[in-house]
Structure formats: structure tokens, C-alpha cells
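Following: one structure in C-alpha cells, then a few remarks.
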Amino acid sequence: MNRPIRTRKEHFNKSSPSSRPISSPAPEKRERKSARRESAAAMALPASSSTLSRFLSSRRIQPTDVTALATWGIFAGSAAIYLVQPFDWIKKTFFEKPEPEA
């Protein structure tokens, strides 16, 4: 049990993994983490026009987006026709011939 006595400096300068000081993550990783936190925070808040445009410009349009847009467009058009019910105007404008004036 005769171990050599080491100084404090020698003890902490050894290269075993347990004695190495824990370093902070690289600056790039810290920036990425903060960007993730900021984007998550922006998602939780109501979207302003600049936030919404930044989100849409960074995203590629997917086929499901086009399908959803077409579906909502058809629904909105059908709802407008149901509410206004312009069937007499359509019939009079496009299908009846105007009567000749004397």
C-alpha cells in the first residue's frame, strides 16, 4: 500500500475520463439548440405575418398540401353557392335568350 503521494495538480492532470473536466458543447451546437428553442417558442405563440411567411418560405410544398388546398377550396365554393343560391340568376344570364326589344 505504498502509493506515491501526488500533488493536487498531478492528480487532476491525469488523463482518465473521470478526472477530465466536463467541457461545454461546441458553439455551433449551442447555436443550433437555441435556434430550436426559439422555433419551438414561436410555434407556441400566435403567428405574426413575418413569422408565418418565414415558416412558409422555408417549407417545400408537398402533394398533401395541394390536396388539402383543393379540398378546402371546393368546400368553400360549395358553401358559398349554398348560402347565396344564385340558380335563377345563372339560368337567366346564361341559358335564356334575351327578348329582342322593339
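Here are the numbers for the structure shown:
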| read-out | value |
| --- | --- |
| Mean Cβ neighbour count within 10 Å, used as a protection proxy, ranking 74-81, 4-11 highest first | 74-81, 4-11 |
| Estimated vicinal HN-Hα couplings, Hz - segment 66-72 in sequence order (Karplus 6.51, -1.76, 1.60; Gly, Pro = x) | 5, 4, 5, 5, 5, 4, 5 |
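Since every read-out is calculated from the coordinates, none of them should be taken as a lab result. Not measured: the values here are computed from a predicted model. All Cβ positions, even for glycine, are placed from backbone atoms using ideal geometry, and neighbour counts span all protein chains on display.
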